[in-house]
Amino acid sequence: MLTSRNCWRTIRNASRRPLSLSTSSAQYDVCVIGGGHAGCEAAAGSARSGARTLLLTQNIDTIGELSCNPSIGGVGKGTLVREVDALDGLMGWVADKAGIQFKMLNSSKGAAVWGPRAQMDRKLYKKHMQKAISEQLNLDVRAGSVFDLVFDHSQPLAPNQWGKIAGVKLESGEVIGCSQVVVCTGTFLSGEIHIGLKRFPAGRINEAPSIGLSASLDSAGFKLGRLQTGTPARLDGKTIDFTGMARQDGDEPPSPFSYLNASVDNADKQIPCFRTATTPATHQIVKDNLHLCAHWLISTHSGPRYCPSLEAKILRFNKDSHTIWLEPEGYDSDVIYPNGISCSLPEELQEPMLRTIPGLENVKMVRPAYGVEYDYVDPRELTATLETKRIKGLFLAGQINGRSDSLLRSAQTFLLMSLSPGTTGYEEAAAQGIVAGINAGLAALHRPPLILTRADGYTGVMIDDLIVKGAEEPYRMFTSRSEYRMTIRSDNADLRLTEKGRLAGVVSDRRWTELQRTKNSDCRSYSDIPFSYSESAGMELAWLQCQTRWCHAEMLCYPNVKASDVRAATPALSGVDLRILSRVQVDGVYSIFVSRQEADVRDFMKDETLVLDPNLDYFAVHGLSSEIRERLQRIRPATLGAAKRMEGMTPVSLVLLLQHSSAFQ
Ligand code: FAD
């Protein structure tokens, strides 16, 4: 049995003869490897493009598994879910069916930082995701573990390419031909689980790791590295004393994720979460036993800073107590997920440690916490479609797109680390998956790609950050990552992206009709009115002035005015969809900032349209420093704008690049 990381090295270094196949024998256009959040969106997105698609995953029953937190969304991340939905993806639609508690985070602040979030019933989430996948046209699903990639060496390649995809090989030895592959293997590539000093190969607990693919990627020249993450113990809710804990209920009414839904399935059955916290006694047990945690001892400190382990929090922050949210895992389950205390202590120490927490004095643990370590690929290997630069037809999406070798960490991200609640990468994975899957489908059908820029949405911001700067760790979305957050908000993802998706041929008639309804709504004409906003004008005056529809719109912009109250008090608005009225309200409040930001976006787009030759020899550009030359040669930015955003880029280098490019155009 494989028991240590050396085994992975042995497998990876074993000499391999690349498998070769002709693309003419393809059975599918696109094969997607992995049925996690990235894989589900990739498979459905590719199939919506019209490409014949196969989703290959180790176990069909785990399609749509929430590996860690039973929740979807959050600040920044909720906007990603809405963007996936705007491109006709699955995550938001499924979350509206499986959600058991919905909250709009930051609802007391401006719409630019609102974060739709919901607790999920784990079983319902999987059930509805599996149903959506099984009903998708052009999509076949098969259980199978992919062991190797297959290449077509008969075709001419671009100068910087190593090969072209021709198929995948399963562990059983069967070869499936296809022209595009999307790899969405999450934490499974050479995965190894750590509990105390025990280490064993696994992608998640009780699930086999993926061992062959790392070797395939390695032999094709990809730079691989190791990343770590972890999950807390699961608790028996019947043994928890919730009295005395702060209770958190869902919003009334809940806000759906999907633009297709006016409400969510379980709106009348929301269930609460509870808050407790660690104590000095908890911290003492962790500190006394760090030498028994393999995960911590071998740590490269590349674990997720945005959801640090309990060990990391205790050592990094000088605090006596850390918040824990007790989150229910579903309607027909007593299991509670304690958000905020992932750890890798030996199993026998975990229950005593948990019992030092108020309310958990008699708790029974139903599954121990554990850490997992896995291979990732440097995302600077990718283009904006998430296709790799070195292998034509190979796309990567989700947790596999990990950190770069940069150890630089900004003060801003350190601050965010201490502020953000526990978070996984489900939404980031889904948003990468949808872009990779759609583009794999479009490439197979020889259609133009779907490229999202930083001005289009958070998905564009994330992809640009990943491919230009790399990611120092599993990438987490925050609103502060976007320079255009006044215009790219969770309330307007459909207005930003659905038309792009429709042009790419991946948006259904139903969603397109819904978008037209929203756009043409009588009420939306309010948003064209220039809003004047004055805090001194009292509400009473506003009500009196409100004789016309024009005034209803203005009134919506007064502080602390709820769209629902305005509608309730105004007979003329009784038939207006509340979601549309709320959008009008946001448009009004943001109208001044939006027009300023639109000018910034126009400037940004000027640089984005200056495309750089993908085969440019940067060593031939006179005057560049050798450091910048090497970086440009490695990253190969697609546009002048992307070059501008690269780490270490100087104004002089940009001018040299521009001069060189124009001279050769
Ligand atoms: P996954 O959801 O992991 O899905 C991968 C899929 O690929 C699985 O279905 C698997 O069966 C399949 N697969 C793998 N290899 C093959 C193969 N060769 N052939 C066929 N199928 C294959 N993220 C954080 O940011 N913070 C956290 O705190 C955090 N905690 C985590 C704790 C644990 C224990 C685990 C396992 C993951 C955690 N994550 C965390 C990661 C989180 O799960 C991911 O962000 C998210 O699930 C990524 O989605 P994905 O689609 O990329 O991969």
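The values are calculated or read from the model by the stated rules, or taken from the named source; none is laboratory data. Computed from a predicted structure; not experimentally measured. Here Cβ is always computed from backbone atoms with ideal geometry, including for glycine, and neighbour counts include all displayed protein chains.
The table for this structure:
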item: Arg5, sole failed condition from (1) more than 15 Å from the ligand (Cβ to nearest atom); (2) in contact with an Asp or Glu (Cβ under 7 Å, 6 or more places away or on another chain); (3) modelled with pLDDT of 95 or more; result: (3)
item: Test: residue in the range 284-291 that is on the phi < 0 side of the Ramachandran plot, in a helix (DSSP H, G or I) and among the acidic types (Asp, Glu); result: yes
item: Close pairs from the range 336-351: first closer than 18 Å to Asn362 by Cα, partner of a type outside the set (A, V, I, L, M, F, W, C) and assigned to a helix (DSSP H, G or I), Cβ under 7 Å, at least 6 apart; result: Ile336/Gly237
item: Subset of the range 133-173 that is within 24 Å of Pro614 (Cα to Cα) and crowded, with 21+ Cβ neighbours inside 10 Å - its residue that is farthest from the ligand (Cβ to nearest atom); result: Asp152
item: Selection from the range 249-298 of residues that are touching a strand residue (DSSP E or B) at 6+ places or on another chain (Cβ under 8 Å) and of a type in the set (Val, Ile, Thr); result: Val264, Ile271, Thr276, Thr278, Ile298
item: Those residues of the range 567-607 which are part of a helix (DSSP H, G or I) and β-branched (Val, Ile, Thr), in sequence order; result: Ile580, Val584, Val586, Val589, Ile592, Val594, Val601
item: Of all residues making up the range 618-665, the number that are assigned to a loop (DSSP other than H, G, I, E, B), in contact with a helix residue (DSSP H, G or I) (Cβ under 8 Å, 6 or more places away or on another chain) and over 20 Å from Asp378 (Cβ atoms); result: 6
item: Single condition Ala95 does not satisfy, out of (1) over 22 Å from Ser46 (Cα atoms); (2) of a type in the set (Gly, Ala, Ser); (3) in contact with a strand residue (DSSP E or B) (Cβ under 7 Å, 6 or more places away or on another chain); result: (1)
item: Conditions (1) more than 30 Å from the chain's Cα centre (by Cα); (2) more than 25 Å from Arg517 (Cα to Cα); (3) of a type outside the set (S, T, N, Q); number of the one not met by Asp607; result: (1)
item: Subset of the range 128-149 (residues that are under 18 Å from Gly45 (Cβ atoms), of a type in the set (Gly, Ala, Ser) and in contact (Cβ under 8 Å) with a residue 60 or more places away in the chain); result: Ala132
item: Strands (runs of 3 or more DSSP E) fully within the range 58-166 counting 1 or more residues that are aliphatic (A, V, I, L, M) and closer than 29 Å to Arg234 by Cα; result: 71-73, 99-105, 115-120, 139-143
item: Restricting the range 175-192 to residues that are under 20 Å from Val30 (Cα atoms) and within 12 Å of the ligand (Cβ to nearest atom), the residue that is surrounded by the fewest Cβ atoms within 10 Å (Cβ to Cβ); result: Ile176
item: Which numbered condition Asp61 misses (of (1) at pLDDT 95 or above; (2) within 12 Å of the ligand (Cβ to nearest atom); (3) in contact with a strand residue (DSSP E or B) (Cβ under 6 Å, 6 or more places away or on another chain)); result: (3)
item: Which listed residue, of Leu442, Leu408, Leu415, Leu466, is within 27 Å of Ala158 (Cβ to Cβ), modelled with pLDDT under 95 and either among the hydrophobic types (A, V, I, L, M, F, W, C) or within 16 Å of the ligand (Cβ to nearest atom) (or both); result: Leu466
item: Members of the range 208-238 found to be crowded, with 18+ Cβ neighbours inside 10 Å, more than 15 Å from the ligand (Cβ to nearest atom) and assigned to a strand (DSSP E or B), listed by number; result: Leu235
item: Residue tally, condition out of contact with any strand residue (DSSP E or B) (no Cβ under 8 Å at 6 or more places or on another chain) and more than 11 Å from the ligand (Cβ to nearest atom), over the range 38-58; result: 4
